[in-house]
1. With every protein chain in place, what's the accessible area of W192 (1.4 Å probe, Å², nearest 10)?
2. Please list 3J(HN,Hα) in residue order for segment 153-163, calculated via the Karplus relation 6.51 cos²θ - 1.76 cosθ + 1.60 where θ = phi - 60°; whole Hz, with x for glycine and proline.
3. Keeping all protein chains in place and using 1.4 angstrom, which order do R109, R219 fall into by accessible surface area, from largest down?
4. Provide T36, T214 ordered by accessible surface of protein heavy atoms (probe 1.4 Å), highest first.
5. At a 10 angstrom cut-off on C-beta neighbours, averaged per residue, how do the peptides 121-127, 179-185, 153-159 rank from highest to lowest?
6. Rounded, prolate or oblate: pick one for segment 63-165, where a ≥ b ≥ c are the square roots of the eigenvalues of its C-alpha gyration tensor, a/c under 1.5 means rounded, and failing that, prolate if a/b is larger than b/c, else oblate.
7. Rounded to the nearest 0.05, what FRET efficiency is calculated for A97 and A217 with R0 set to 30 Å and r the Cβ-Cβ distance?
8. Provide the solvent-accessible area of D82, counting protein heavy atoms only and rolling a 1.4 Å probe, rounded to the nearest 10 Å².
Amino acid sequence: MERSDVSGGAGAARWLSIHDDLLRGLAHAFSNRVATVAAIAALFDSSRLPDERLLTGLRTDADRLNGLLEQLRQLPRRDDADLEPLMPGDSVGAALALFEHHPESRDVRCTVVAADNVPPVRVDPASLQHALCVALVSASRVGAGDGGATRAGVRVALSTEGDLVRIAVSTDGSTGEGEPEAMALDAEAISWLLARSGGRGRAQLAGCLIELPTLQASRRPR
């Protein structure tokens, strides 16, 4: 199923909707961690000598807060961001961690299948992570089916075809299909996010396909 002719403005609006959901999820996670740190601080106030377990808990939560801060820094999008060489698999891992804060990620198992010879690409790292989040949300929505208790997992498969790196994000083991208009909008959001990197999104029956030129292809004179 090819993506329909949806305006770039509609694709941008689709990403902003997902962005807001991610931001709310991160804010909730921050709130939980801050509450834990505050509780540990209160225990310090009532004890002359801090228990080693309290110190360990404080260090753990400090590390978690730092991790959440790094994820929060990934959300803003800059039109003037530099394009950088990177391995697509690294972006997939970062996007999966960010996707965990989206409401569509609940009870969704994610499996990554990466070809050993997938080459690097030249891209804005944040935009690729955002595009992957759109694809993950799209596939998880299809996997939800009719809203039953069991949800299909999401499969992320990386491969190379000629000068293109392909990242197929789809439901894993589901026979359901997405709504054509919604899938086209998801694909348009991906294309909008990856326009500067020469990438695009394509709507498929059970998810979205992301295509990016390889690093070698992007360096060829046009």
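1. Approximately 80 Å² of W192 is accessible to the 1.4 Å probe.
2. x, 10, 10, 10, 10, 9, 8, 10, 9, x, 8
3. Numbers: R109 135, R219 160 Å².
In descending accessible area the options line up as R219, R109.
4. Values: T36 45, T214 10 Å².
Result, largest first: T36, T214.
5. Details: 121-127: 22.3, 179-185: 17.4, 153-159: 20.3.
Ranking, from highest mean packing down: 121-127, 153-159, 179-185.
6. Details: a/c = 2.03, a/b = 1.24, b/c = 1.64.
Here segment 63-165 falls in the oblate category.
7. 0.60
8. Probe radius 1.4 Å; accessible area of D82 about 120 Å².
The values are calculated or read from the model by the stated rules, or taken from the named source; none is laboratory data. Nothing here was measured: the structure is a model prediction, and the numbers come from that model. With ideal geometry, Cβ positions are generated from the backbone for all residues, glycine too; neighbour counts draw on all protein chains shown. Accessible surface is based on the protein model in full, side chains and every heavy atom, while ligands, DNA and RNA are left aside. Shrake-Rupley method; radii C 1.70, N 1.55, O 1.52, S 1.80 Å.
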